[in-house]
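The values are calculated or read from the model by the stated rules, or taken from the named source; none is laboratory data. Here the structure is a predicted model, which means the values were calculated and not measured. Cβ coordinates were reconstructed from backbone atoms using ideal geometry, including for glycine residues, and neighbour counts include every protein chain displayed.
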Amino acid sequence: MKNSFLIRMEEPEDCQIVTDNGDVYYRLFHRPVTTLMKNELDCMQFHTPSSKPIDYHEHSRGTETFFVSQGRFLCNCMGRGFTMGPGDVLHIQPWMGHDFTPIEPESRLNIMFMGIDQRFSLTEPIMRLREGFPLMFENSEFNEVFRQSNSGTGKRSVPVPNEVPPEQVQQLRRAGVGIREHEFDGVKLHLKVARYETEGTKEVWELFMKPGFYCDWDNFLPEYRVFYVTSGRLRCAVRTSASETLEFDAVGENIVVIPPYNPFRFDVLEDTRMYDMDCPARLQDLCEELESLAYGNPGGLSDKSAILALCKTFGLNCTDVGFGG
């Protein structure tokens, strides 16, 4: 029986769309989940180096967050060239020109869209039109209308060679580095995409968790949560009714999707790296407050009830969190 809360990214039966044209193996993991079209997540895996590069282009609305999970890419962003490898994240906002050229076999680019309806506005119409009207995209007038209706400004000229050190690319977040970094018992947190970069809607964090760390949301919240596990193992428990709980393990290259009004909990079983893709809490603000609380007061974080109350103030509505290692 299919687990509706778990997407095994390597299993085609867990995907919404799967195609392979010989150059690119494409998978759509899940579609937008709110009226803001948050968290549409897909993957482009390029079989051979330089096969079917993503040409230099920009969008007039919506953001894209790119996660390299395998291989390497040559990239340009706003005219600056650089290389991305496993663990690197690039966050693109409107009117930022960008491109990607794979330079190793089977390079893999996971893409999270927000405000760009990639499936219904781009993927499916393009596939349908190419199948039924193969010459349509050779018509420049149609291409212009198609681009405008999908918030795209079309291709840009290829930037002049201008390779720079990665630290000069503001939109690039290198593996193992966050915009802000915090550490508490059993967990390190790296801020990858800040709230000011998502029109105030959410934050994206990378979590480094030790065995024994746990977090419990034993409540009914109108929040859609998406977690992307890149390594390790954690035990998930989702309450599906008043008397039933579904338990399962999430491991590397798994996505855990929690719809609204589903109480859930996770317990870390092994050293685990995981992205919180849709953090609705003001977690950066909360971490600042916790560090202020602990400053000069080593016991300041020992009162769990006070900590949970502070969590709630900043929208982290968990009912229990801790480290038993």
- Within the range 266-296, track down each residue that is free of Cβ contacts under 8 Å to residues at least 60 places away in the same chain and surrounded by fewer than 21 Cβ atoms within 10 Å (Cβ to Cβ). D267, L269, E270, D285, L286, E288, E289, S292, L293, A294, Y295, G296
- Candidates N39, N21, N76, filtered to the one that is of a type outside the set (F, W, Y) and on the phi > 0 side of the Ramachandran plot: N39
- Which of the strands (runs of 3 or more DSSP E) contained wholly in the range 196-247 include at least 2 residues that are aliphatic (A, V, I, L, M) and touching a residue at least 40 places away in the same chain (Cβ under 8 Å)? 203-209, 225-231, 233-239
- Query: Is it true that E199 is under 21 Å from the mean Cα position of the chain (by Cα), of a type in the set (D, E) and crowded, with 20+ Cβ neighbours inside 10 Å?
  - Reply: no
- Scanning for something more than 16 Å from the chain's Cα centre (by Cα), of a type outside the set (A, V, I, L, M) and outside any strand (DSSP E or B), does the range 271-283 turn up at least one residue? yes
- Note on the structure: Those residues of the range 44-101 that are free of Cβ contacts under 8 Å to residues at least 60 places away in the same chain, surrounded by fewer than 19 Cβ atoms within 10 Å (Cβ to Cβ) and not in a strand (DSSP E or B) come to a total of 10
- Check E106, E131 and return the single one that is of a type in the set (D, E), farther than 20 Å from V204 by Cβ and touching a His at 6+ places or on another chain (Cβ under 8 Å). E106
- Specify the residue that is modelled with the highest pLDDT; the eligible residues are those in the range 171-193 that are loosely packed, with under 15 Cβ neighbours inside 10 Å and either farther than 30 Å from A294 by Cβ or over 20 Å from the mean Cα position of the chain (by Cα) (or both). E183
- Over the range 284-302, the set of residues outside any loop (DSSP other than H, G, I, E, B) and either at positive phi or among the charged types (D, E, K, R) (or both) is D285, E288, E289, E291
- Task: Considering (1) surrounded by fewer than 16 Cβ atoms within 10 Å (Cβ to Cβ); (2) in a loop (DSSP other than H, G, I, E, B), say which one E167 fails and leave the rest.
- Result: (2)
- Here the residues within the range 1-52 that are modelled with pLDDT of 85 or more and basic (K, R) are R8, R27
- Message: I need the full set of residues from the range 39-66 which are within 14 Å of L109 (Cβ to Cβ), under 18 Å from the mean Cα position of the chain (by Cα) and of a type in the set (S, T, Y), in order please.
- Response: T65
- Task: Determine whether S305 is over 30 Å from Q70 (Cα atoms) and either in a helix (DSSP H, G or I) or modelled with pLDDT of 95 or more (or both).
- Result: yes
